[in-house]
Each structure stands twice: as C-alpha cells, then as structure tokens.
1. If you take the residues of the stretch 345-364 that are in a strand (DSSP E or B) and more than 21 Å from the chain's Cα centre (by Cα), which of them is farthest from L238 (Cα to Cα)?
2. Could you give every pair whose Cβ atoms fall below 6 Å, whose first residue belongs to the stretch 116-145 and is in the same structural domain as L187 (by TED's automatic domain parsing), and whose second residue is surrounded by fewer than 21 Cβ atoms within 10 Å (Cβ to Cβ) and in a strand (DSSP E or B), counting only separations of at least 6 or pairs across chains?
3. Between a residue in the stretch 86-103 that is closer than 11 Å to Y127 by Cα and any residue that is of a type in the set (D, E, K, R) and part of a loop (DSSP other than H, G, I, E, B), which pairs come within a Cβ distance under 7 Å, given they are 6 or more apart or on different chains?
4. Given the condition touching a helix residue (DSSP H, G or I) at 6+ places or on another chain (Cβ under 7 Å), more than 30 Å from P12 (Cα to Cα) and among the polar types (S, T, N, Q), answer yes or no: does some residue in the stretch 313-322 qualify?
5. Check the stretch 381-404 and report whether any residue there is surrounded by 14 or more Cβ atoms within 10 Å (Cβ to Cβ), modelled with pLDDT under 95 and in contact with a Leu (Cβ under 8 Å, 6 or more places away or on another chain).
6. When only residues in the stretch 80-90 that are at pLDDT below 95 and surrounded by fewer than 19 Cβ atoms within 10 Å (Cβ to Cβ) count, which is farthest from L115 (Cα to Cα)?
7. If you take the residues in the stretch 161-208 that are of a type in the set (S, T, N, Q) and under 17 Å from the mean Cα position of the chain (by Cα), which one is surrounded by the fewest Cβ atoms within 10 Å (Cβ to Cβ)?
Amino acid sequence: MKILVVCQYYKPEPFRISDICEELARRGHEVTVLTGVPNYPMGEIYEGYRHGEHRCETVQGVEVRRCFTIGRRRGAIWRFLNYYSFAISSKCAAARPGFGPASGGDFDVVLVNQLSPVMMAKAGIAYARKHNTPLLMYCLDLWPESLCAGGIAKGSAVYRLFHRISGRIYRACDRILMTSRGFEKYLTEEFGIAPDRLGYLPQYAEELFSSGETAPRNDGEINLVFAGNIGAAQRVDLIIRAAAILKDERVHWHIVGDGSELEACRKLASELGAESVTFHGRHPVEEMPKFYGLADAMLLTLDDDEVISYTLPGKIQSYMAAGKPVIASANGETPRVIADAACGICAPAGSAEALAEAVQTFAFMSEEQRCEMAQNSASYYAAHFRREIFMDKLETELMEWTKF
C-alpha cells in the first residue's frame, strides 16, 4: 500500500505515530508522513529545524514532509497560531498539484493520527476528497472537549465554533478507530457517527518499556513514579497535594516529564512543603526504562471531567508493559481497565485525599500482593495491548479499505 499519514506531531517529538509508521514501512508499505515542525511540548522549535532544515527527509524508511508550523509556546493566542499554522500549511501542501508518494501515482489510503487539534485532519480530508481516497482516522483526543481542559467554557462561542468544525471533520471520515471504548458514546451522541463506522484499537507501548530494566532501591522504601506530560488535564497537582497529606517517610514521589503546568507544580510543592516529591524534568523516551525500573508503582492522575473519563491514556499501556502496579486518580475507562486487570488501585478523580489513601493502602500491602499486581499488569498487557496485536489490526483495517 501507498499510505499517506497526517499528524501534526512526529519524530523527534515523543509520539507513538513515529513507531507505527516505521513498522508499516518495515512491513513493505510505502509510507509518507505529512507533519509539522517539531516543537512539542515546550513550544520552541527544536534545534536543527528552525531555518528550513529537514523539511523533507527519509527516516527509518518513512518519507517525512514537514509543513510550516508556529511554535505553540504559552497562552491561548500562541496555541491558536500553532494549531492553524499547521492546519492551513498542511492542507495547502496536500492539495498542491503533484502531491503524492515518491514512487508516483496516488496514495491508496489516508490515515489521520488525530491528537489535538482535530484540525490537523484537514489535510487528510483535502487529499481524500480530491483523489477519492478512503480516509481512516485514529482518534486519540476528543474534540471539542479537549478545549475544556485548556480553560474554554463549554457552551461558549469558541466551544460552539469548534463543535461545528469537529463534527464536519469526524463525519468526513470513512472509518474512525478509537483508543478507548468510551469514545463511542461521545461520537455517536454528539455527532451522529454510525456505530458501524467506529472501531476499537487501544494503544500499545514501545518495546523498550518491556525491557524489564530495574534499579536498586533501599529496603522499606516505596517509590512512586509519574511519567508523561504535565498539563492541566493530567492534574499532577493532586500528586503533590497527596504527598503533603500522607507525610509517610517511606514513600517517595517522582515526577518525570515536562509541560505547561510544571512550574506551577514546583511552586505548589514548595508552598506545601512536599519534600518527598522529586521533579526529574523531561528525558528522552530511551531513558524512561530506568525510571520505570525505580518504581514500586506508577501514578496516573486525570481531571474530574466527564469526557476525559472516556479516555484511556496511553501511559496505562506503558505502565502495564513494564509490569508495574498502577495507582490512579481517575474516573471512567481508566478504573474499568485497572479493575479488569486487577493491577492496581484507583481513587476518584479530583481528590488528593482519596489518592493519599490509595497510596497508603498500597504502602501497607505485603510484597506478595504487590508482586501479584505487577504480574497481573504484565499479563493483561500481553493479552490486550501488545504491539503486534495493534499493528496487525491497523494493517488489516487499512488493507480492507484499499481492497488489497
């Protein structure tokens, strides 16, 4: 197959779509990625890409074409410019005469890897309509609900505008693959998407998380690790508040990552005297196994929001692949999966007190109980979320639409 993949984010930015495209290329498909200039998560264009470098390159067998993008930086105006600079430039690129695979002809199928913003799909829609090409979307973020996590009020003029835009985009897709079963309710009720146009395709973790790497730890200590983006929706402040409440000298809280709320979280930790919290900053994905190896359990926190509760964050798969118990503060799909896997403890979203209680419960468990949770985590990942399962299903979906 000749596959056009559209996603605003791509390597060297830390997203799984890079691994997905490289695996499709290894399976013999010709993969072309239409993407932006790397600037996630801090909003500054990466060194080596600021002056037109690497706009067209081949990376691990994948042809990567980068479109003009304004760095997201901080604040609503910069975020808006970031979103629309890529949406407009990529749509223009896809509609340009002669745009197609390097081998010539047309693409057989378009795959949109839809994170935020949903407008990144416009380029895929433009190409699909012009060439009568099937369009599949892999939906990781629900729009316009993702705007609410950024402070846009539901029912506001901005929300209503993006609700109309989102509806047109979702309805333009021939097939939508969802990372969480909870997405079906939203897409059918909000936008009238027929259930037979929807499919469930949960994320997987990169193979390095299954490496089993461990780090030595002192007897009696309990190390809890949060790894990932530190934004408004992730509610990392709950971890700091829970640490301040618990005040258990055995428990050490590690926050690994970066994002828009990092400085606010550092300030909160100082104000509350949460000395057991360590901020490690952002590290390349290749270095993450050492932090996973440190952990007795991994932490996951989400905002108390109905639509966010539909989401199953990708870090769940990474945590499970590493064979780690999960302690979460979340509603909806996340506690359902944790309970189904019997791999951790889940407190209600939004409550630092409940999270502190969950951690205390874990701290008083026997080593045998914790080991059982860890084994359950790895077993559930192997049965439901392995990379091979994901890639086989995605390839089958793409081939069915292209009649290969």
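The values are calculated or read from the model by the stated rules, or taken from the named source; none is laboratory data. The shown structure was predicted, so the numbers you read here are calculated from the model rather than taken from an experiment. Cβ placement follows ideal geometry from the backbone for every residue including glycine, while neighbour counts extend to all protein chains displayed.
1. Among residues in the stretch 345-364 that are in a strand (DSSP E or B) and more than 21 Å from the chain's Cα centre (by Cα), the one farthest from L238 (Cα to Cα) is I345.
2. So the pair list comes out as L136/R175.
3. Listed by first residue and then by second, the contacts come to G100/D106.
4. no
5. yes
6. L81
7. Checking each candidate, the answer is Q203.
Okay, residues lined up against (1) at pLDDT below 90; (2) within 23 Å of D304 (Cβ to Cβ); (3) of a type in the set (K, R):
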| position | (1), (2), (3) |
| --- | --- |
| C148 | yes, yes, no |
| G182 | yes, yes, no |
| G199 | no, no, no |
| R217 | yes, no, yes |
| G231 | yes, yes, no |
